[in-house]
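In what follows, a single structure is set out as structure tokens and then discussed.
The values are calculated or read from the model by the stated rules, or taken from the named source; none is laboratory data. Here the structure is a predicted model, which is why all the values come from computation and not from measurement. FYI the Cβ positions are ideal-geometry reconstructions off the backbone, even for glycines, and counts take in every protein chain you see. Surface accessibility is based on the protein's heavy atoms, side chains included, excluding ligands, DNA and RNA. Shrake-Rupley method; radii C 1.70, N 1.55, O 1.52, S 1.80 Å.
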Amino acid sequence: MKIIDLEPGDPRLEGDLLPVLRELRPHLTPQLFRDIHRHGHPQGLRFSAAYAEDGTCVGVAGWRIIDNTSAIRKLYVDDLVTAETARSTGVGHALLAYLEQHGRETGCHELNLDSGTHRTGAHRFYLRERLDIVAFHFTKPLTADGSDSSDSSDSSDG
């Protein structure tokens, strides 16, 4: 398996990464994804893709490094998803290990992610990967119908 970071403008973002990411975020259209990436990249949003030996994208991580008062510096995982056809093959483990190493190399004190309460399979995976449940995540929609909000209660999946 090969894991690479994809830069803005890389055609693999939409061609390879987006179809896998849409398994977790089905609301993402190509245009919405381009818009989010265009606005998020200056804020630190990055995407890494895991490729199988045959060149198929089998996993995606959306992440950023954040400096704040609670963790000082942390690597926050916005999205973590393994393609349905490649689940339980080590892709999620490899992506997390890749992110952990990157976090250590960049001086992060923690790796954080949120996961929707209904994603019990992902929770089992995170606990096996030695992540701890350390906080509650609260959210309040700021739009009348919630249509402009991404599903913030479900930030990651394994």
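Miscellaneous remarks
- Cβ pairs under 7 Å, 6+ apart, first in the stretch 118-131 and within 15 Å of SER88 (Cβ to Cβ), second hydrophobic (A, V, I, L, M, F, W, C) and open to solvent by less than 100 Å² (accessible area, probe 1.4 Å): GLU129/LEU96
- Residue in the stretch 85-94 that is modelled with pLDDT under 95 and of a type in the set (D, E, K, R) present: yes
- Annotation for the stretch 125-132: no member residue is within 24 Å of LEU6 (Cα to Cα) and touching a strand residue (DSSP E or B) at 6+ places or on another chain (Cβ under 9 Å).
- Each residue in the stretch 85-114 was checked for being within 21 Å of PRO19 (Cβ to Cβ), in contact (Cβ under 8 Å) with a residue 12 or more places away in the chain and open to solvent by 40 Å² or more (accessible area, probe 1.4 Å), and 3 of them qualify.
- So THR69, is it at pLDDT 95 or above and open to solvent by 50 Å² or more (accessible area, probe 1.4 Å): yes
- Among all positions in the stretch 66-78, there is no residue which is without any contact (Cβ under 8 Å) to a residue 40 or more places away in the chain, outside any strand (DSSP E or B) and at positive phi.
- Subset of the stretch 11-20 (residues that are open to solvent by 30 Å² or more (accessible area, probe 1.4 Å) and without any contact (Cβ under 8 Å) to a residue 24 or more places away in the chain): PRO11, GLU14, GLY15
- For the stretch 1-29, the candidate set comprises residues that are in a strand (DSSP E or B) and of a type in the set (Val, Ile, Thr); within that set, the residue that is nearest to SER88 (Cα to Cα) is ILE3.
- Which listed residue is of a type in the set (S, T, N, Q), within 25 Å of GLN43 (Cβ to Cβ) and more than 17 Å from the chain's Cα centre (by Cα), from THR106, THR85: THR106
- The C-beta contact set for the stretch 30-44 (first residue closer than 16 Å to VAL60 by Cβ, second residue outside any helix (DSSP H, G or I), distance under 6 angstrom, 6+ apart or interchain) comprises HIS41/PRO8.
- Scanning the stretch 30-55 for residues that are surrounded by 15 or more Cβ atoms within 10 Å (Cβ to Cβ) and not in a helix (DSSP H, G or I) returns LEU45, ARG46, PHE47, SER48, ALA49, ALA50, TYR51, ALA52.
- Under the condition of being open to solvent by 30 Å² or more (accessible area, probe 1.4 Å) and among the hydroxyl-bearing types (Ser, Thr, Tyr), the residues counted in the stretch 116-127 number 2.
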